Amino acid sequence: MQATTAPAEKTVEPRLKRNRKSISYAKWGYYFIAPFFVVYAVFSLYPLLSTFYYSFFEYYRSGLKFIGPNFVGFENFKTLFANGDLVMYAKNTLIMWILGFIPQIVFSLLLAAWFTDVRLHIRGSGFFKTVIYMPNIIMASAFAMLFFTLFSDKGPINDIFISLGWMDAARPYQWLATTAGNRGLVAFMNFLMWYGNTTIMLMAAIMGVDPGLYEAAEIDGASSTKQFFSITLPLIRPILLYVVVTSMIGGIQMFDVPQILTNGKGLPDRTSMSLVMYLNNHLFSKNYGMAGAVSVVLFIIAAVLSFLVFRFNTRKEER
Amino acid sequence: MSNTQAVRIRKGRSTLTLRRVIAYTVLILLTLLSLFSFYVLFINATRGHYDIQKGFSFLPGRALMANLNNVMSSSEMPVLRGMLNSFIVATGSAALSVYFSTLTAYGIHAYQFKGNNAAFKFILLIMMVPTQVSALGFISLMNNWGLRNSFIPLIVPTIAAPMTFFFMKQYMESNLPLEIIEAARIDGSGEFATFNRIVLPMTKPAIAVQAIFTFVANWNNYFIPSLLIDNKNMKTLPILMAQLRSADWLKFDLGQVYMLIALAILPVVIVYLCLSRFIVGGVALGGVKG
Amino acid sequence: MKKALAVLMALAMASSLLAGCGASASSASTAAPASSTASSQAAPAEGKVLRVYCWNEEFKSRVEAYYPDYNKDTQMIGDTKVEWVITPNENNAYQNALDEALLKQSTAADDQKVDLFLIEADYALKYTSADAGVAMSVQDVGLTDADMADQFQYTRDVVTGEDGVQRGISWQGCPGVMLYRRDIAKDVFGTDDPAEIQKLVSDWDKFDAAAEKLSAKGYKMLPGFDDTYRVFSNNVSAPWVTDNKINVDPAITQWVEQTKEYTDKGYNEKGNLWSSEWSKGATDKAFCYFGPAWFIDYCLAGYTMETSEADGGKAELGNGTYGEWAACAGPQGYFWGGTWMCAAEGSDNTALIADMMKTMCCNADTATKLAKDVNEFANNKTAMKALAEDTSFGSNFLGGQNVYGAMYDSAEKIVMDKCTAYDQGLNESFQTAYHDYFNGTVDKDTAYANFIKTAQEKYPELKG
């Protein structure tokens, strides 16, 4: 969900570049993008490629000794897919992402609609917009520490539920020991960290809708709800799609929240272990071979996703 | 006014009131939810170790000054120095990352060169690669180059920030008409000067947004710095925080841990509040017109 | 579009192969661990820099207090500068940094070499085995058996490699005892006398019977799942790993069965170690905790106070359950914690390190001071025996009881000859995997499968 920091999409403006005599300036393009690519090649590409390279080797640290690198072909990938766990971690990641994304998009839409509703006229919307964004600036580790104490078996949340009579004091709900509890908390924390961001993006989209359409609807006597569903939603569809895609990128990169909340263990029964957490397990033990294999799989998923983004962007331009 | 119209308006008013009540209730609840963590963090910073260990409280404790003194007094925990280091790293990263990513975005946006499109797609692709993938290779590379206990590996790599690039690119698409650059050329401005004098100021709001994001991310970063920095005078705040958490039992003190978290968050909150107008406006900058 | 991607991927693959070759060549040269002969080639003159690797400030404050030659302000010992390289444990950063430094030891400049590093029991063998070749034998450093005669045997076993050579030394012992509530004991068993209570828990069958009695009166035997784990795991009959095969010892299985039964019958508070449920037990219904000296003074005593000292509470009877506690040996001897010093192969400060080891770890005066100043159970039999017999050395928290006698007996009983380099990871993974079983989320077989899975992620060479 981190990825949602990126903004809206390309505009429909016609490309003017082609009409320009820009050829003589083309070399400046190379100069300007050079630092980025040089730094990327030096600091990131080389480590990335060596990671991929080792996916074909048995190569890990045992104590202080290195085992390998011994070429093993696709052995690491076979191990990876043999027990079906990778699919399970992909599923966990997907579930935790969806659980967080649904409230994120629902609340963001609701808030965005309210903030932009002239008739509703929310006072202090500047304050609210600032505040809903703030959870994003706490470090995830501090955030997780708090959730630990809040949702412990005898923590304040259970105390409240017990005093409301929703829960038996003798059998408090073990949030941090159940699959639903853990996944729910991960999703909730992700929601809390990112809904402000999404709200602001959707708001921008809604503000771009032609006010005349609403005036016309008003005259026809359409209620706010009806206006929202028949004017706003269809018109901000591109931005919605964009939010989904960028959030999905954040989703496959999901790591710090479940990592810290479950102490890196993906409890219980590994049902809250995300793909990147699994990768991290192999990195932690310096297993370059298996870590490389997981990285390649992650990279392929990322490549497929980015292909979808291209498609989405291209279609927009054609429209 | 006809009868039916009056009824409709009255009905409209009552639904409007109802909607307002719902909207404000939800907003207030979300505000509480969002500020709650800050509240608890700061409350815990005022509580003693054993009180925190035993659970949760809404009321402040009496250990504020004790926690502050303890955190500040250790010679192996130079907190102020840590703040300065974090500030250097975070500011340096933010400045370099934003400047060069904007430059890259501008290069791809404004110049039609061979490979332009491929470069753009390449950056989009690497944007989605999780950072963990290359972390180990990066660490051993830096070790081999003798860059332990140096800020270079923490700051320089941020020059290549795909997310920042993408944001800036999108922003330029809708907010930086190429005619302006053309006009500058006619006025005899050099290409590089055009970027610095015209493009940078025009993209300032977007730059502010990305600057604060990069600043916060690097201010909070533990993973890579913890593997490269062990000189106490170069440690950043997250490393000091982890050091507090792995203290021996004689010294382990959750009160200090929360105090340091509070001290680490405070500057970011202040920076954020100062820039919040930019941010709230800025995220929407790339905004589409329906 | 598709084409661009395909070309990109192909390029990436091709250059990865090229890049990879370079990488494997360079890492091969750094992969060789520091040569074990490095020490004999060390310069005869002592180095001017003593680089100490550790994960917190504990050792530094001990050196400040008990190594008189150390100048706190200049951080010098004589004309040798002490450099403290502190890397936190979190995320395994300490071991990563230490490994990185030790692997570079043979090529590092003299002043950049690791001279002294600290380790913990659970992973000691990773560094003290002959195979690793990174820690010097204490004999080579300059300590004799006579120097160490007064140390508890288990503290020497922990850092002794498979070849029988001791490669580290500790100033502390951490023998654990069973700590119980006097008021609950009186209520349920009619006595709070440590000798009497010890008879009621002297083996695990009696311990279980006591748990049942406590439960009948509404108390809980234990605050959490993990309290007895170390007691069982320190008394295993075989090491965790033999010939790369993981072996779950009957003692560990017994812990699983006991804890499952206690959880299902409500004999414990279902707390994870250090959770708030677990520590709250001390003022609630929990009868006993297990821990060594540091645990009593720096953890449990704090949990028992209703009003904490930070909030103006006093450490006295009547504040929560403070002073309502007592200690006995419990069902089996065990230890928890402890830090060992190792001299790194290749160090050019061995004479200084030898002197530090002797002064800090082999000196009865230092040991007595450690006990009196910071309530440490020090690694010195003579000094601890004397304290155990000193009637004035009682603890307010334990109602005046002198716990050093019980600890001394426990320390003498500990046998630590089953260590492996895998203990840290396996103990952690095992406890975590079986928490799911205790909580009822998975069955026993799944818990075992998850344990093996995690173990193999940590140590790819192991087999289930």
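Nothing in this text is a laboratory measurement; each read-out follows from the coordinates by a stated rule. The structure displayed is predicted, hence computed values, not measured ones. Every residue, glycine among them, receives a Cβ derived from its backbone with ideal geometry; neighbour counts consider all protein chains shown.
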Within a 10 angstrom radius of each residue's Cβ in A:138-151, how many Cβ atoms of other chains show up on average? Whole number is fine.
6
Shape verdict for the range C:182-229, please, from the Cα gyration tensor: rounded (a/c under 1.5), prolate (a/b greater than b/c) or oblate.
oblate
Using just the helices of the protein assembly as shown, give the 222 nm mean residue ellipticity in deg cm²/dmol: DSSP H runs with n ≥ 4 each add -39,500 (n - 2.57), and the total is spread over all residues, rounded to 500.
-17500 deg cm²/dmol
For the range A:147-254: span of alpha carbons on each principal axis (Å, largest first)
59, 36, 18
If one builds a Gaussian network model of chain A from Cα atoms under 10 Å apart, the most fluctuating residue listed among A:Tyr25, A:Tyr195, A:Tyr40 is A:Tyr25
For the pair C:Gln153 and B:Ile28, how long in nm is the line joining their label points, each one 7 Å along Cα→Cβ?
7.2
For the residue pair B:Arg185 and C:Glu428, what label-to-label distance in nm results when each label sits 7 Å from Cα along the Cα-to-beta-carbon direction?
5.9
Taking chain B as a Gaussian network, Cα atoms linked when under 10 Å apart, which of B:Leu237, B:Leu254, B:Leu141 shows the biggest mean-square fluctuation?
B:Leu141
Project the alpha carbons of chain A onto their principal axes and report the range along each, largest first, in whole Å.
77, 76, 31
Nearest 10 degrees, 0 to 90: what angle lies between the long axis of helix C:423-438 and the longest principal axis of chain C (Cα atoms)?
50
What number does the range B:67-282 give for Rg over Rh if you use C-alpha atoms and the Kirkwood radius?
1.05
Two-decimal ratio, the range C:336-420, of alpha-carbon radius of gyration to 2.2 N^0.38 Å
1.30
For B:Ser73 and B:Arg13, compute 0.36 nm times the residue count separating them, minus their Cα-Cα distance, and round to one decimal in nm.
15.4 nm
About its Cα centre, what dipole magnitude does the protein assembly as shown give when the only charges are +1 on Lys and Arg Cβ and -1 on Asp and Glu Cβ, stated in debye to the nearest 20?
5980
Taking N as the number of residues in the range B:167-209, what value does Rg over Cα atoms divided by 2.2 N^0.38 Å take?
1.14
GluC sites (Glu not before Pro) within the range C:61-137: which are DSSP loop residues with at most 10 other Cβ atoms inside 10 Å?
none
As a test of understanding, state the convex hull volume per residue of chain C from its alpha carbons, in Å³.
196
Beyond 24 Å, what share of the Cα-Cα pairs of the range A:81-235 remains, rounded to the nearest whole percent?
53
Taking 1 over the mean of 1/r across every pair of different Cα atoms in the range C:287-375, what Kirkwood radius in Å do you get?
16.4
Cross-link list C:Lys260/C:Lys369; A:Lys265/C:Lys260; A:Lys286/C:Lys372; C:Lys280/C:Lys358; C:Lys206/C:Lys369: which exceed 32 angstrom alpha carbon to alpha carbon?
C:Lys260/C:Lys369; A:Lys286/C:Lys372; C:Lys280/C:Lys358; C:Lys206/C:Lys369
Is the C-alpha gyration tensor of the range A:160-319 telling us rounded, prolate or oblate? Criteria: a/c under 1.5 is rounded; beyond that, a/b larger than b/c is prolate, otherwise oblate.
oblate
Residue among B:Ala193, B:Ala262, B:Ala211 with the largest mean-square fluctuation in a Gaussian network model of chain B, springs linking Cα atoms under 10 Å
B:Ala193
Whole-number value, in Å³ per residue, for the convex hull of the alpha carbons of the range B:1-112 is 254
Rounded to a whole number, the mean other protein chain Cβ count within 10 angstrom for residues of A:297-304 is 4
Where labels lie 7 Å past Cα in the beta-carbon direction, separation of A:Ile102 and C:Asp243 in nm:
5.3
Sort C:320-328, C:262-270, A:48-56, B:128-136 by packing, meaning the average of other beta carbons within 10 Å per residue, with the highest value first.
A:48-56, C:320-328, B:128-136, C:262-270
Can you pull the Rg over Rh of the range B:33-192, Cα-only, Kirkwood?
1.15
Candidate lysines for bridging to C:Lys72, where Cα separation is under 18 Å - those fewer than 8 sequence places away on the same chain excluded:
B:Lys232, C:Lys48, C:Lys60, C:Lys81
Among the listed pairs C:Lys285/C:Lys453; C:Lys245/C:Lys413; A:Lys154/B:Lys251; A:Lys91/B:Lys114; C:Lys385/C:Lys458, which have their C-alpha atoms separated by more than 30 angstrom in this model?
C:Lys285/C:Lys453; A:Lys91/B:Lys114; C:Lys385/C:Lys458
I need the P(r) histogram for the range B:106-154: all alpha carbon pairs, bin width 10 Å from 0 out to the longest distance, whole percents.
21, 30, 28, 21, 0
For the range B:85-106 and the range A:190-208, what is the centre-to-centre distance using only Cα atoms, to the nearest Å?
25
Between the range B:158-206 and the range C:44-63, what is the separation of their alpha carbon centroids in Å?
53
So what's the projected area for the range A:209-253, the Cα convex hull averaged over all directions, in nm²?
3.4
Residues with beta-carbon under 11 Å from that of A:Ser62, excluding A:Ser62: net charge, scoring Lys, Arg +1 and Asp, Glu -1?
+3
Whole-Å distance linking the alpha carbon centroid of the range A:62-126 with that of the range C:209-248 is 37
Dimensionless Rg/Rh of the protein assembly as shown, both radii on Cα and Rh by Kirkwood, sits at 0.99
